[in-house]
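Encoded as structure tokens, the structure appears first; notes follow it.
The values are calculated or read from the model by the stated rules, or taken from the named source; none is laboratory data. Please read these numbers as outputs of a predicted model, since none were measured by experiment. Positions of Cβ are generated from backbone atoms using ideal geometry, with glycine treated the same way; all protein chains shown enter the neighbour counts. With ligands, DNA and RNA removed, areas are computed over all heavy atoms of the protein, side chains included. Shrake-Rupley method; radii C 1.70, N 1.55, O 1.52, S 1.80 Å.
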Amino acid sequence: MQPLIGVTGYLHPYSREVAGVFVGEGYTNALAEAGAVPLAVPFLEKEEQVRALAQKVDGLLLGGGVDMDPTLFGEQPVPGNGEMCPERDWLEAILFDEMQKQGKPVLGICRGVQVINILLGGTIYQDLPSQKEGALFQHSQKAPRWFGAHHVNVKEGTKLHEIFGATRIRTNTYHHQAVRDAAPGLIVSGVADDGVIEAIERPHGPFLLGVQWHPENMWRKDATVLRLFEAFVAACK
């Protein structure tokens, strides 16, 4: 069976008159290669329609994108906070809530890991360079998008470790925000050498995993990266 997996994306261009959903082909082709049928989630306007869609799909991939509204985790925007899309915040909150009610798998990538953490009661750094203490690596790399620019240390015994079979992996990175405090019920499964949290997951129950990097841009160059999508798709069957 090929599971149907919804994938969230950008409201693009950001104009109500001509707006449409944009989902990067790296996500959809990785899911297809892993044995799923991907579906770009439309920007529906009624909650009951969003919940109905969530009930039809077998899994949800929360993709990368713009910053979340910091008031959703009890903060006011700092100067380094970036572009926001309230429509997407609303859409993904309902989708995620319904997926949790249905006990269905969720994978978060970049923005997606932050969405998972915030919606479950965690916090994020709105802007790493201005908010996190200590020296930082370049977390918005200048290298090609498929290139693993820095390492992530993977915690043994986690789902992430089970997927990659390694305690240290190379990842690409394009972000200025990151998980600050993991939400209740989640554990940190990946950390960069500078202390930035790069992966969180739920240790028990339905598949719930988020990574701060962009595996959808790496899997064609590094076959081991496809394991992440394969594990997610397998959980959706």
Q.
Can you tell me which of (1) open to solvent by less than 20 Å² (accessible area, probe 1.4 Å); (2) not in a helix (DSSP H, G or I) is the one Val191 doesn't meet?
A. (1)
Q | Residue list for the range 133-157, filter: at pLDDT 95 or above, touching a Gly at 6+ places or on another chain (Cβ under 8 Å) and open to solvent by less than 80 Å² (accessible area, probe 1.4 Å) | A | Val152, Asn153, Val154
Q: Return only the number of the condition from (1) in contact (Cβ under 8 Å) with a residue 12 or more places away in the chain; (2) out of contact with any strand residue (DSSP E or B) (no Cβ under 7 Å at 6 or more places or on another chain); (3) surrounded by 16 or more Cβ atoms within 10 Å (Cβ to Cβ) that Val225 does not satisfy.
A: (1)
Q: Kindly establish whether Gly185 is over 14 Å from Asn117 (Cα atoms), touching a residue at least 40 places away in the same chain (Cβ under 8 Å), assigned to a loop (DSSP other than H, G, I, E, B) and in contact with a Leu (Cβ under 9 Å, 6 or more places away or on another chain).
A: no
**Q.** Near pairs, Cβ below 6 angstrom, 6+ apart or cross-chain, from the range 28-57 (closer than 15 Å to Val225 by Cα and polar (S, T, N, Q)) to any residue that is open to solvent by 40 Å² or more (accessible area, probe 1.4 Å) and not in a helix (DSSP H, G or I)
**A.** Thr28/Pro38
Q. So is Leu128 crowded, with 20+ Cβ neighbours inside 10 Å and under 16 Å from His175 (Cα atoms) or not?
A. yes
(Q) Being open to solvent by less than 10 Å² (accessible area, probe 1.4 Å), touching a Phe, Trp or Tyr at 6+ places or on another chain (Cβ under 7 Å), closer than 22 Å to Val233 by Cβ and aliphatic (A, V, I, L, M): is that true of Val41 here? (A) no
(Q) Could you go through the range 222-229 and let me know if any residue there is outside any loop (DSSP other than H, G, I, E, B) and in contact with a Lys or Arg (Cβ under 8 Å, 6 or more places away or on another chain). (A) no
Q: Mind listing whichever residues of the range 69-86 are open to solvent by less than 60 Å² (accessible area, probe 1.4 Å) and either touching a residue at least 60 places away in the same chain (Cβ under 8 Å) or in contact with a strand residue (DSSP E or B) (Cβ under 7 Å, 6 or more places away or on another chain) (or both)?
A: Asp69, Phe73, Gly80, Asn81, Gly82, Cys85
Q. When the residues of the range 21-30 are filtered to those that are closer than 18 Å to Phe96 by Cβ and under 16 Å from the mean Cα position of the chain (by Cα), which remaining residue is surrounded by the fewest Cβ atoms within 10 Å (Cβ to Cβ)?
A. Val23
